[in-house]
Each structure stands twice: as C-alpha cells, then as structure tokens.
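Below is one structure, written out as structure tokens; comments come after it.
Nothing in this text is a laboratory measurement; each read-out follows from the coordinates by a stated rule. What you see is a predicted model; the values in this text were computed from it and never measured. When we count neighbours, we look across all protein chains shown, and the Cβ atoms used for this are built from the backbone with ideal geometry, even at glycine.
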Amino acid sequence: MASSSKFGPNKLSNLQVKAIRRERAKGTALSVLAEEHSVTRAAIAYHCTDIKVDARSLRRTKATRIDPDAILLMVGHGYSQSAIARHFGVSPGAINKALARMEWKAAA
C-alpha cells in the first residue's frame, strides 16, 4: 500500500517506482511510462533523476514508411493532414513533406 504524507497519499507504490526505474534504464520514454502508470511526466522524471539514459536508445530504430497512394486517397476523401498523420503515427510535418515530395515529383 502506498504511504501517506502531509500532501496526501503517494500515487506510486515502491514496487511501481522500482519497475519504472528499471524500464527507464532500458530507455523507455518518460511520456510512455507516465501514461502506463496514470501519473504526470514530471512525477516519472522525479523518480528517475539519477538514471542516465543513452539518447541513442530513445531514437526510432526504423523509419516509418508512409504509403503515398494511401495519403493521396485520404486527401481525396477530405481528411486533414493532422488526421492523416495520426493514422500513420507520424507528425503532421512528415505528411506535409510527403505531399510536397509527391508534388515535386509530379512536376518533374
């Protein structure tokens, strides 16, 4: 059971904190851990301040492939670039760049 302080009960138990620290040491992002444990990113950062994480472990290992035909189909159906980006799991800027690339290739 979580202990109490003058500010109210702690949200995370000692076992949860140990699990969070273990996952963070493996390179799991703060935002992912915060969402899994239903706490703020700042709460996770507080418990992991002394853990050194190699920045290379936080990078994506493989680029996401965006299907140009699917993008054009979604644009034709009236979807916004933000909605298309959510569908593919990328940023709206990536969709904008892909559309610009397709436009450039069509003009060539």
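The simple spin-label model puts a point 7 Å past each Cα toward its Cβ; for R22 and S82 those points are separated by 3.9 nm.
Neighbours of L72 by Cβ distance under 14 Å: Lys/Arg scored +1, Asp/Glu scored -1, total -1. Remark: the stretch 88-105, residue by residue, has Karplus-estimated 3J(HN,Hα) of 8, x, 10, 7, x, x, 5, 5, 4, 5, 5, 5, 5, 4, 5, 5, 5, 5 Hz, where x stands for each Gly or Pro and the curve is 6.51 cos²θ - 1.76 cosθ + 1.60 at θ = phi - 60°.
Under 19 Å Cα to Cα from K26, which aspartates and glutamates show up? Leave out anything in the same chain fewer than 8 places away. Hits, sequence-local ones excluded: E35, E36, D50, D54. Counting every other Cβ atom within 10 Å of each residue's Cβ, L72, L15, L99, L33 order from fewest to most as L15, L72, L99, L33.
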